[in-house]
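See below for the structure under consideration.
The values are calculated or read from the model by the stated rules, or taken from the named source; none is laboratory data. Just so it is clear, the structure is predicted and the values come from calculations on it, not from any experiment. A quick note on method: Cβ atoms are made from the backbone with ideal geometry, for glycine too, and the neighbour counts reach across all protein chains shown.
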Amino acid sequence: MNDRQPPSPHDTAADAGKKYAADSLSAQTRLVHTGRHPRQQHGMVNTPVYRASTVLYPNLAAYLTHDQEFEYGRRGTPSSRSVEDVITSLENGAGTRLTPSGLSAISCALMSVVGAGDELLVSDSIYEPTRIFCDGYLARMGVTTRYYDPAIGAGIAELITPATRAVMMESPGSLTFEIQDLPAIVGAAKGRNVSIIIDNTWATPLFYRPLELGADIVVHAGTKMFVGHSDAMFGTITANRSHWDRVETTHGDMGLCAGADDCFLAARGLRTLAIRMKEFNARALDMARWLEGQAPVRRVLHPGLASHPGHAIFKRDFSGGGCTFSFALPKAPEEAMHALFDGMELFGIGVSWGGFEGLIILPQFTNNRTVTSLPEDEQLVRLHIGLEEPDDLKADLKKGLERYRAFLD
Ligand SMILES: *Cc1c(COP(=O)(O)O)cnc(C)c1O
């Protein structure tokens, strides 16, 4: 292995992250080496699953002065630290905390910056449960949410009032994949005491690093790409220096922690994230290009395509893309969509994404868009491109499109 010392067990997550981020090592190498301390565990390669509530102290003095790194299972274990250090390093943040799901990472991030009387600006294509949290729980706690068009860019300056405390972004947006101009939004919010939170689940820090572009807090549904195998729920929150204390405090106050087995699965998934993302990026883009030429597809919503309205910003700010995108079909009788979906042999019908297997869902837009709209005469379908042989997936889709087409006119 290398002769560089891993962070000592007494380093804080923040120090460990900084140490690695300051290194010249590439993200791919850090994914493989960060957060593992074989010499502390008999040489075994992977950090074991530390199942813990009680952590024992050697004596009363140590107990009274909290003089050890780990104090109680809820507050962190070597299992959680092993994942936090990787994400802090990749996102180039001051620290990371883990949560039992992506949604709890989002709610915790929001609660760490807004309070009664504050206003929150949220992009219209935000992940729907985030919206439900804002309109329900946060509204009850006295926080007002207003939605903005994800294409707003610097125009967000006009929506910011003295009460605005945060902007909650997601780029690309869920289901419709709009790309946002993060640097323009950061510029518009500058000096106005507005925190920028962004959901970076789709691109991962391998392809997009929002903190480096001026965001304050980055959240991930680790359930998707980090775990990567459809077998655990997981979330992460990473903050920059100015926001780290509040995130850490709120996370602690709420008693959030990820289970030890799920930390292990996330750590295991992260070791291969770079090769998976490289493959997913190439496969999804290839499939998106192919679909653009298939009848009766109207348009394909993938920011890596030249036809996508956010393509220029995507090329400027991202170095690759994720494994999900949508495509639009002309509206047809209801049976057409059932025929398309029910005949699928490889694409499974189910929510979530980021695993190894292809998935297909029918996005619904009844209550989750208030300032943007979609053409009335089309229906979107969202795909997660799995790691099956691409030609097999294309054949499955081609047959599905033919079944759909049989119902048109
Ligand atoms: C799935 C998802 C979430 C929620 O993650 P869970 O782990 O399911 O709670 C949040 N944001 C995005 C963009 C997602 O795709």
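Could you list all residues from segment 253-265 that are in a helix (DSSP H, G or I) and out of contact with any strand residue (DSSP E or B) (no Cβ under 8 Å at 6 or more places or on another chain)? Steps first, please.
Narrowing segment 253-265 to residues in a helix (DSSP H, G or I): 253, 260-265.
Within segment 253-265, Asp253, Ala260, Asp261, Asp262, Phe264, Leu265 meet the criteria.
Would you check which residues across segment 90-106 are over 15 Å from Ile198 (Cβ atoms), more than 8 Å from the ligand (Cβ to nearest atom) and polar (S, T, N, Q) and list them?
Selection gives Thr99 alone.
Which pairs do you get when a residue that is of a type in the set (Ser, Thr, Tyr), found in segment 242-259, comes within reach of a residue that is in a loop (DSSP other than H, G, I, E, B), reach meaning Cβ atoms under 8 angstrom, with the pair 6+ apart or on two chains?
Here the result reads Ser242/Asp216; Thr249/Ser112; Thr250/Ser112, each pair linking segment 242-259 to a residue that is in a loop (DSSP other than H, G, I, E, B).
Mind telling me which of the residues Pro303, Pro309 ends up being touching a His at 6+ places or on another chain (Cβ under 7 Å), assigned to a loop (DSSP other than H, G, I, E, B) and closer than 18 Å to Thr176 by Cα?
Numbers: Pro309 fails: touching a His at 6+ places or on another chain (Cβ under 7 Å).
So the residue among Pro303, Pro309 that is touching a His at 6+ places or on another chain (Cβ under 7 Å), assigned to a loop (DSSP other than H, G, I, E, B) and closer than 18 Å to Thr176 by Cα is Pro303.
Of (1) surrounded by 20 or more Cβ atoms within 10 Å (Cβ to Cβ); (2) under 25 Å from Val45 (Cβ atoms), Thr272 satisfies all except one. Which?
So the condition that Thr272 fails would be (1).
Kindly indicate the residue of segment 107-139 that is within 12 Å of the ligand (Cβ to nearest atom), over 20 Å from Trp244 (Cβ atoms) and of a type outside the set (A, V, I, L, M) and also surrounded by the most Cβ atoms within 10 Å (Cβ to Cβ) among those meeting that condition. So that I can check it myself, show each step before the final result.
Within segment 107-139, the first condition is being within 12 Å of the ligand (Cβ to nearest atom), and the residues that meet it are 107-109, 123, 125-133.
Next, only the ones that are over 20 Å from Trp244 (Cβ atoms) stay: 123, 125-133.
From what is left, the residues that are of a type outside the set (A, V, I, L, M) are 123, 125, 127-131, 133.
Numbers: Ser123: 29, Ser125: 27, Tyr127: 22, Glu128: 17, Pro129: 15, Thr130: 25, Arg131: 22, Phe133: 22.
That would be Ser123.
Checking the structure you have, find out if any residue of segment 215-236 is modelled with pLDDT of 95 or more and in a helix (DSSP H, G or I). Break it down into steps so the answer makes sense when it comes.
The first filter runs over segment 215-236 and keeps only residues modelled with pLDDT of 95 or more, leaving 215-236.
This time we only want the ones that are in a helix (DSSP H, G or I), so: none.
No, segment 215-236 contains no residue that is modelled with pLDDT of 95 or more and in a helix (DSSP H, G or I).
How about segment 152-186: which of its residues are buried (at least 23 other Cβ atoms within 10 Å of the Cβ) and among the hydroxyl-bearing types (Ser, Thr, Tyr)?
Ser171, Ser174
Sort through Gly187, Gly136, Gly173 and tell me the only one that's at pLDDT 95 or above and farther than 30 Å from Asp262 by Cβ. I'd like the intermediate steps shown before the answer.
Values: Gly136 fails: farther than 30 Å from Asp262 by Cβ; Gly173 fails: farther than 30 Å from Asp262 by Cβ.
Being at pLDDT 95 or above and farther than 30 Å from Asp262 by Cβ holds for just one of Gly187, Gly136, Gly173, which is Gly187.
Mind listing whichever residues of segment 174-210 are within 11 Å of the chain's Cα centre (by Cα) and not in a helix (DSSP H, G or I)? Steps first, please.
Start the filter on segment 174-210 by keeping residues that are within 11 Å of the chain's Cα centre (by Cα), which leaves 174, 198-205, 208.
Those that are within 11 Å of the chain's Cα centre (by Cα) and not in a helix (DSSP H, G or I): Ser174, Ile198, Asp199, Asn200, Thr201, Trp202, Ala203, Tyr208.
Please indicate, with yes or no, whether at least one residue in segment 90-100 is within 15 Å of the chain's Cα centre (by Cα), surrounded by fewer than 23 Cβ atoms within 10 Å (Cβ to Cβ) and not in a strand (DSSP E or B).
yes
Identify, please: which residue in segment 190-208 is polar (S, T, N, Q) and within 13 Å of the ligand (Cβ to nearest atom) and is, among those, surrounded by the most Cβ atoms within 10 Å (Cβ to Cβ)?
Thr204
With (1) crowded, with 18+ Cβ neighbours inside 10 Å; (2) within 22 Å of Thr249 (Cβ to Cβ) as the list, and Thr145 as the residue in question, which single condition is left unmet?
Just one mismatch for Thr145, condition (2).
Looking at this structure, is Ala189 more than 18 Å from Glu91 (Cα to Cα), touching a helix residue (DSSP H, G or I) at 6+ places or on another chain (Cβ under 9 Å) and not aromatic (Phe, Trp, Tyr)?
yes
For segment 209-250, how many residues are small (Gly, Ala, Ser), within 16 Å of the ligand (Cβ to nearest atom) and surrounded by 23 or more Cβ atoms within 10 Å (Cβ to Cβ)? Outline the logic, then answer.
Of the residues in segment 209-250, the ones small (Gly, Ala, Ser) are 214-215, 221-222, 228, 230, 232, 235, 239, 242.
Checking the rest, the ones that are also within 16 Å of the ligand (Cβ to nearest atom) come to 215, 221-222, 228, 230, 232, 235.
This time we only want the ones that are surrounded by 23 or more Cβ atoms within 10 Å (Cβ to Cβ), so: 215, 221-222, 228, 235.
Count: 5.
Identify, by number, the condition in (1) closer than 19 Å to Met233 by Cβ; (2) within 16 Å of the ligand (Cβ to nearest atom); (3) in contact (Cβ under 8 Å) with a residue 60 or more places away in the chain that Glu84 doesn't meet.
Glu84 satisfies all of (1) closer than 19 Å to Met233 by Cβ; (2) within 16 Å of the ligand (Cβ to nearest atom); (3) in contact (Cβ under 8 Å) with a residue 60 or more places away in the chain except (2).
Cβ contacts < 8 Å: first residue closer than 22 Å to Ala232 by Cα, restricted to segment 336-353; second residue assigned to a loop (DSSP other than H, G, I, E, B) and polar (S, T, N, Q), any location; separation 6+ or different chain. Result?
Within 8 Å, the pairs are Ser352/Thr223; Ser352/Ser230.
Going by what's in this entry, would Val49 be described as surrounded by 15 or more Cβ atoms within 10 Å (Cβ to Cβ), part of a loop (DSSP other than H, G, I, E, B) and of a type in the set (A, V, I, L, M, F, W, C)? Steps first, please.
On the way: surrounded by 15 or more Cβ atoms within 10 Å (Cβ to Cβ): yes; part of a loop (DSSP other than H, G, I, E, B): yes; of a type in the set (A, V, I, L, M, F, W, C): yes.
Judged against the criteria, Val49 is a match.
So for segment 113-125 (the condition being among the polar types (S, T, N, Q) and either at positive phi or in contact with a helix residue (DSSP H, G or I) (Cβ under 9 Å, 6 or more places away or on another chain) (or both)), does at least one residue qualify?
We begin by selecting, within segment 113-125, every residue among the polar types (S, T, N, Q); these are 123, 125.
The next check asks that each one be either at positive phi or in contact with a helix residue (DSSP H, G or I) (Cβ under 9 Å, 6 or more places away or on another chain) (or both); those that pass are none.
So far as segment 113-125 goes, no, none of its residues is among the polar types (S, T, N, Q) and either at positive phi or in contact with a helix residue (DSSP H, G or I) (Cβ under 9 Å, 6 or more places away or on another chain) (or both).
When residues of segment 136-156 are filtered for being more than 25 Å from Leu380 (Cα to Cα) and either out of contact with any helix residue (DSSP H, G or I) (no Cβ under 7 Å at 6 or more places or on another chain) or of a type in the set (S, T, N, Q) (or both), how many remain?
Of the residues in segment 136-156, 10 are more than 25 Å from Leu380 (Cα to Cα) and either out of contact with any helix residue (DSSP H, G or I) (no Cβ under 7 Å at 6 or more places or on another chain) or of a type in the set (S, T, N, Q) (or both).
Specify which of the listed residues (Arg146, Arg97) is farther than 21 Å from Ala221 by Cβ and among the charged types (D, E, K, R). So that I can check it myself, show each step before the final result.
Numbers: Arg97 fails: farther than 21 Å from Ala221 by Cβ.
Within the list Arg146, Arg97, the selection yields Arg146.
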